[in-house]
Amino acid sequence: MSELNSFPFDWHEVARLALASRLMDELEERELTPGGLVTYQFSARGHELGQLLLAQLLDRPFDAASVYYRSRPFMLASGLTLTEALAADMARAGGMSDGRDVGVVFNMPRRGRALVLPMAADVGSQFTPAAGWAQALRYRRDHLGEADVADSIAVAFGGEGSVASNGFWSALTMATTLRLPLLVVVEDNNYAISVKSGLQTPGGNIAANLASFHDLAIWDGSGVEPAATAALVAAAVAHVRGGAGPGLLRLTVPRLSGHSSVDNQAYKTEDERDDEWARDPISALRAALVPALMDARAWQLLADDATAQ
């Protein structure tokens, strides 16, 4: 039996949506952006795995998430359709804002998984709304006696560059002093635009720097290897959902495209790029699933279905 079976995840869904998200990024980068149909593209390539796993666990009636511009895999797993995602990036009717905003500025009413809180475009602005939602959950449970919110949580996503923002530290202070049900997820791809993570936080590891932060649980590890990532995600969500206080989950991932469509990554060496592609989470996902949970033909059928959609 595969080690992956010990985790509460639908791995076929993870594979299908990872492939769909990757294909969408590639379509935008290869055709739609050069063709002028997408003005400003942000790729999620390399960031898919942890987001897809987290989305599956946010199934309580009042779970909510606050996302950022690289969160489209999470959005797809939370109910955003491929049509809506493409329409949003092309500023067409049918996207989340009906063409009124950059395509990666998300919000979404609950579709069976997390409600996605309205998002602003400035870096770091996603953290305090999630802390506010977590505080509201605690108030409704403790002061209004509403049992149906008892184990719901809030999750805030950001890149390692966002840990230098006021919003990050404000939310962290709120969550720890009030012991709120908030999980902060930092996807560390080692670059904030062209600036390495060592200039975003001393030593380049926000999890290590916060290890002694009072009343904050820390998880730190791979956002690429399926079993390792699944263990981290499951432990972090269970801790916060169980009422043990807030947590911070740092997942290390590769950034396989530029910061945005106007970034050619000229500041990276060839060795750095090769190392990043060697850590492609979709390659790792296929290696973990085939043949342990599906055969090569089943994987190909998922890829063909994602391509067709």
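Here are some notes:
- Residue check for residue 21: in contact (Cβ under 8 Å) with a residue 60 or more places away in the chain and either within 21 Å of residue 237 (Cα to Cα) or polar (S, T, N, Q) (or both): no
- Test: residue 42 is open to solvent by 10 Å² or more (accessible area, probe 1.4 Å), hydrophobic (A, V, I, L, M, F, W, C), under 15 Å from the mean Cα position of the chain (by Cα) and modelled with pLDDT under 95: yes
- For the residues 28, 3, the requirement of being within 13 Å of residue 86 (Cβ to Cβ), touching a helix residue (DSSP H, G or I) at 6+ places or on another chain (Cβ under 8 Å) and not basic (Lys, Arg) singles out 28.
- The residues of region 49-63 that are surrounded by 24 or more Cβ atoms within 10 Å (Cβ to Cβ) and either over 24 Å from residue 279 (Cβ atoms) or polar (S, T, N, Q) (or both), listed by number, are 51, 58, 63.
- With respect to the conditions (1) within 17 Å of the chain's Cα centre (by Cα); (2) open to solvent by 50 Å² or more (accessible area, probe 1.4 Å); (3) charged (D, E, K, R), residue 101 falls short on a single one, namely (1).
- Meets criteria (within 24 Å of residue 277 (Cβ to Cβ) and surrounded by fewer than 22 Cβ atoms within 10 Å (Cβ to Cβ)) for residue 37: no
- Tally, over region 270-293, of residues that are in contact (Cβ under 8 Å) with a residue 24 or more places away in the chain, open to solvent by less than 40 Å² (accessible area, probe 1.4 Å) and outside any helix (DSSP H, G or I): 1
- Selection count where residues are part of a strand (DSSP E or B), aromatic (Phe, Trp, Tyr) and open to solvent by 20 Å² or more (accessible area, probe 1.4 Å), scope region 178-221: 1
- Residue in region 1-15 that is without any contact (Cβ under 8 Å) to a residue 24 or more places away in the chain, assigned to a loop (DSSP other than H, G, I, E, B), closer than 25 Å to residue 297 by Cα and more than 15 Å from the chain's Cα centre (by Cα) present: yes
- Residues being in contact (Cβ under 8 Å) with a residue 24 or more places away in the chain, not in a helix (DSSP H, G or I) and not small (Gly, Ala, Ser) - total across region 68-108: 10
- Boolean, residue 138 is among the charged types (D, E, K, R) and open to solvent by less than 60 Å² (accessible area, probe 1.4 Å): yes
- Check on residue 118, more than 21 Å from residue 223 (Cα to Cα), open to solvent by 10 Å² or more (accessible area, probe 1.4 Å), outside any loop (DSSP other than H, G, I, E, B) and modelled with pLDDT of 90 or more: no
- Among the residues listed as 224, 253, 233, 240, the single one being more than 23 Å from residue 281 (Cα to Cα), surrounded by 22 or more Cβ atoms within 10 Å (Cβ to Cβ) and not aromatic (Phe, Trp, Tyr): 240
- First in region 168-181 and under 14 Å from residue 249 (Cα atoms) and touching a residue at least 40 places away in the same chain (Cβ under 8 Å), second anywhere and hydroxyl-bearing (Ser, Thr, Tyr) and in a helix (DSSP H, G or I), Cβ under 6 Å, 6 or more apart: 168/162
- Residue within region 126-141 that is at pLDDT below 95 and either part of a loop (DSSP other than H, G, I, E, B) or touching a strand residue (DSSP E or B) at 6+ places or on another chain (Cβ under 7 Å) (or both) present: no
- Residue in region 142-151 that is free of Cβ contacts under 8 Å to residues at least 24 places away in the same chain, open to solvent by less than 40 Å² (accessible area, probe 1.4 Å) and not hydroxyl-bearing (Ser, Thr, Tyr) present: no
The values are calculated or read from the model by the stated rules, or taken from the named source; none is laboratory data. As the structure is a prediction and not an experimental result, all values here were calculated from the model. In this analysis, Cβ positions are derived from the backbone assuming ideal geometry, glycine residues included, and neighbour counts consider all displayed protein chains. The accessibility values were calculated without ligands, DNA or RNA, using every heavy atom of the protein model including side chains. Shrake-Rupley method; radii C 1.70, N 1.55, O 1.52, S 1.80 Å.
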